[in-house]
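What follows is a single structure, written as structure tokens, with notes after it.
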């Protein structure tokens, strides 16, 4: 892309809370830097959330605001929410004044809404990246004043104006765009190349129903000569570590930094159905059993999963059925090489590998025309 922008641009990327929001934001930031090396990028995230560590570790600046989402499981936990919203309003106001952004990009998460809303009230161009098949209420509200809304899939015209809608796909971490060597990947985890391997990943925050099911059936893996790479999230890491000490066919940790190697090592993946997990499964061409998180806003993970199931590109086990059905479904799939190949081919056809570059170039084009 060539651009005639002759000033140093300042861009805010707002969002976070989970890897599903953080990693797309980082991918877009890297793509913007590649197209315009002198661009100044500032992330805005929620204090206490994982973006406050992950963003600086990736080499970008971040400002934190005191914001939280509505807690659907406990009304009492929402008592302090109005005060946090008021406080975040003044924090965002100061950030916009000090940084003077030319554009603000929202990638989802608690901090995305107040930053984009404030930017729109000041006439600052805003852009939205909606990663899910079912958009959240905040993005639907903000979209009417956004310059462009980038979405992962076709079929979201009923939620967003066609004039603003652009199907870009979901940006995936650079390290995941190409498949790593399987033998070297298995060596990295201390596992054997001749044994089938299952990767269990509950996302950056873990998944209780999946973790508990795996823990209760840990002997099944050894009995069926299956290896396990188990990413648990922080809350379950201690329990999983004790299981690992007892067996040689298990590797476990709270978080996996080298997901490229984890995917390469796996014959089958068990995971939640967050938008970024699905985007990664597509580019990695992995046979997957999806267990959607049922309490995600508007149950959007189930919508994400069903879109793949309807195209014979993944299997689905409902969260409430995990303890009864997850292990039998896994055992049946891991022993069916033909079915694995079928799922791999179908999910691979859906991959978009240059979403970050497409989004970055579109944003710069719009700013250039402002």
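A few points about this structure:
- In the range 9-25, the residues that are modelled with pLDDT of 95 or more and part of a loop (DSSP other than H, G, I, E, B): 9
- Some residue of the range 161-180 being more than 30 Å from residue 108 (Cβ to Cβ), over 19 Å from the mean Cα position of the chain (by Cα) and not assigned by TED's automatic domain parsing to the domain that holds residue 363: no
- Some residue of the range 303-314 being closer than 30 Å to residue 184 by Cα and part of a helix (DSSP H, G or I): yes
- For the range 333-343, the count of residues that are under 30 Å from residue 150 (Cα atoms) and surrounded by fewer than 17 Cβ atoms within 10 Å (Cβ to Cβ) is nonzero.
- Candidate set: the range 148-190, residues that are in contact with a helix residue (DSSP H, G or I) (Cβ under 8 Å, 6 or more places away or on another chain) and part of a helix (DSSP H, G or I); chosen: the one nearest to residue 355 (Cα to Cα): 174
- Any hit, the range 224-246, residues being surrounded by fewer than 17 Cβ atoms within 10 Å (Cβ to Cβ), out of contact with any strand residue (DSSP E or B) (no Cβ under 8 Å at 6 or more places or on another chain) and at pLDDT 95 or above: yes
- Hits in the range 44-70 (condition: under 14 Å from residue 114 (Cβ atoms) and touching a strand residue (DSSP E or B) at 6+ places or on another chain (Cβ under 6 Å)): 44, 45, 47, 63, 64, 67
- Scanning the range 57-92 for residues that are at pLDDT 65 or above, within 21 Å of the chain's Cα centre (by Cα) and either in a loop (DSSP other than H, G, I, E, B) or closer than 20 Å to residue 295 by Cα (or both) returns 58, 59, 60, 67, 68.
- Top-ranked residue in the range 28-56 [being part of a strand (DSSP E or B) and out of contact with any helix residue (DSSP H, G or I) (no Cβ under 6 Å at 6 or more places or on another chain); ranked as surrounded by the fewest Cβ atoms within 10 Å (Cβ to Cβ)]: 40
- Meets criteria (touching a residue at least 12 places away in the same chain (Cβ under 8 Å), under 21 Å from the mean Cα position of the chain (by Cα) and in a helix (DSSP H, G or I)) for residue 270: no
The values are calculated or read from the model by the stated rules, or taken from the named source; none is laboratory data. Remember, it's a predicted structure, so these values are computed and weren't measured experimentally. Positions of Cβ are backbone-derived with ideal geometry, glycine not excepted, and every protein chain shown enters the neighbour counts.
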